[in-house]
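Here the structure is laid out as structure tokens; the discussion comes afterwards.
The values are calculated or read from the model by the stated rules, or taken from the named source; none is laboratory data. Not measured: the values here are computed from a predicted model. Cβ coordinates were reconstructed from backbone atoms using ideal geometry, including for glycine residues, and neighbour counts include every protein chain displayed. Accessible surface areas use protein heavy atoms only, side chains included; no ligands, DNA or RNA. Shrake-Rupley method; radii C 1.70, N 1.55, O 1.52, S 1.80 Å.
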Amino acid sequence: MKLTSIASSSSGNCIYVGSEKANILVDAGISGKKIENGLRTLDVDPKALDAILVTHEHIDHIAGLGVMARRYHLPLYMTEKTAQAVMDVKSVGKIDPKLFEIIKPDHPFSIKDITIDATSIWHDAADPVCYSLESHDVKASIATDLGNYHEGIVDKTKESDILFIEANHDVNMLQVGPYPYYLKRRILGNKGHLSNERSGQFLCDILSNNTKEVFLGHLSKENNYSELAYETVKLSLLEHGLLPEEIHFHMQVAKRDEVSEIAIVENKSCLHK
């Protein structure tokens with residue numbers, strides 16, 4: 001299985017997951033043109049896409065959804081409430097209702113050789129989920145837009161070979177920054193976003209001997225920067241006695257508006273490109 005981010009920030013998110021037989025996007029929160037360019041950078045023909053999984057209806061996760069669905073007639077997997085919310089977002093445009101594939105959390109489904117399990121998360125959206133994807137005994141989990149996390153998320157994301165988790169903001173930067181009070185309160189709440197510190201705690205809870213690659217993503221442009229997110233999460237690992245070089249995993253920060261380094265895990269080994 002291979003995974004990378006085409007874009008990841010509070011401004012737009014799109015993740016690519018590929019297996020021997022399937023090509024899937026998780027969210028389409030940037031323009032269709034940027035998604036297509038990102039896929040071509042990965043040597044993936046946009047026409048080869050099999051589906052888009054949608055975590056929730058916020059615009060930084062669905063901005064290019066309508067364009068991609070209409071252009072490539074792609075099935076769109078999401079919960080029923082999320083589908084209803086997506087159809088109410090005028091900027092997405094009209095989408096053929098037949099393209100919506102309604103899923104339920106904790107009810108796994110398959111797309112070719114990938115088995116996918118959605119898990120309910122805490123976020124201020126209609127019915128948000130995170131996803132775990134498994135193919136040929138390799139597992140990848142994607143969990144962003146979490147105000148906080150619960151045991152169910154920990155259970156679902158444990159034993160993953162590839163982890164893509166949120167490190168949205170530095171608490172101090174957010175508190176002294178220009179955001180209005182209501183927005184700060186929303187981000188810091190249980191239905192907002194994970195801070196760097198909380199991301200580190202989450203990672204400590206879900207790391208396993210299987211883990212080969214960790215992406216830190218969905219960084220706020222105004223309230224975080226890559227080096228700070230990386231060092232804060234690394235410090236949390238060190239405090240828990242977890243050293244990346246000792247447990248043999250690689251950690252990177254997903255790039256905001258370009259394709260990140262791709263992780264490929266085959267037979268429990270990992271390659272980076």
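Ligands, DNA and RNA are left out, and with a 1.4 angstrom probe the accessible area of the chain is 44 Å² per residue.
Rounded, prolate or oblate: which fits the range 1-121 when a ≥ b ≥ c are the square roots of the eigenvalues of the alpha-carbon gyration tensor, with rounded for a/c under 1.5 and prolate only if a/b beats b/c?
It comes out rounded by the Cα gyration axes.
Each Cα pair under 8 Å and six or more residues apart adds its sequence gap; the mean of these over the residue count of the chain is a relative contact order of 20 percent. Per-residue ellipticity at 222 nm from helix content only, as computed over the chain with -39500 (n - 2.57) for each DSSP H run of at least four residues, stands at -8000 deg cm²/dmol. What does the C-alpha gyration tensor say about the overall shape of the range 72-189? Classify as rounded when a/c is under 1.5, otherwise prolate if a/b is larger than b/c, or oblate. The shape class here is oblate. Computed on the Cα atoms alone, the convex hull of the chain gives a volume of 114 cubic angstrom per residue.
Ignoring ligands, DNA and RNA, what percent of the accessible area of the chain is carbon or sulfur (1.4 Å)?
Heavy-atom surface of the chain belonging to carbon and sulfur, 1.4 Å probe: 49 percent.
Expressed as a fraction of 2.2 N^0.38 Å, the C-alpha radius of gyration for the range 135-273 is 1.04.
Bridge orientation summary for the chain: considering DSSP beta bridges with both residues in this region, about 55 percent are antiparallel.
Count the net charge of all other residues whose Cβ sits under 13 Å from the Cβ of S199, scoring Lys and Arg as +1 and Asp and Glu as -1. The partial results should precede the final answer.
On the way: positive: R198, K234; negative: D145, E166, D170, E197, D205, E231.
Once all neighbours under 13 Å are counted, the net charge is -4.
With every protein chain in place and a 1.4 angstrom probe, the accessible-area ranking of H56, H136, largest first, reads H136, H56. With both residues required to sit in the range 124-200, DSSP beta bridges show an antiparallel share near 50%.
Our Cα-only numbers for the range 1-58 put the radius of gyration and Dmax at 10.6, 31 Å. Rounded, prolate or oblate: pick one for the range 67-125, where a ≥ b ≥ c are the square roots of the eigenvalues of its C-alpha gyration tensor, a/c under 1.5 means rounded, and failing that, prolate if a/b is larger than b/c, else oblate. Oblate is the answer for the range 67-125, as a/c is 1.5 or above yet b/c matches or exceeds a/b. For V176, the solvent-accessible surface with a 1.4 Å probe is about 120 Å², rounded to the nearest 10.
Here the dipole of the chain is about 900 debye; that uses its Cα centre as origin and unit charges on the Cβ of Lys and Arg (positive) and Asp and Glu (negative). Please identify every one of the GluC sites (Glu not before Pro) in the range 15-69 that sits in a loop by DSSP and has no more than 14 other beta carbons within 10 Å of its own beta carbon. In loop regions of the range 15-69 (DSSP not H, G, I, E or B), the sparsely surrounded GluC sites (Glu not before Pro) are E20.
Could you put S195, S11 in order of accessible surface area, largest first, with the 1.4 Å probe and the full protein assembly present? Write down the numbers at each step before the final one.
Numbers: S195 15, S11 90 Å².
Listed by decreasing accessible area, they come as S11, S195.
Between the listed residues S199, H240, I111, the Cα displaced farthest toward the positive end of the dipole of the chain, a dipole computed from Cβ unit charges relative to the Cα centre, is found at I111. The accessible-area ordering, largest first, of the residues K156, K21 stands as K21, K156, per a 1.4 angstrom probe.
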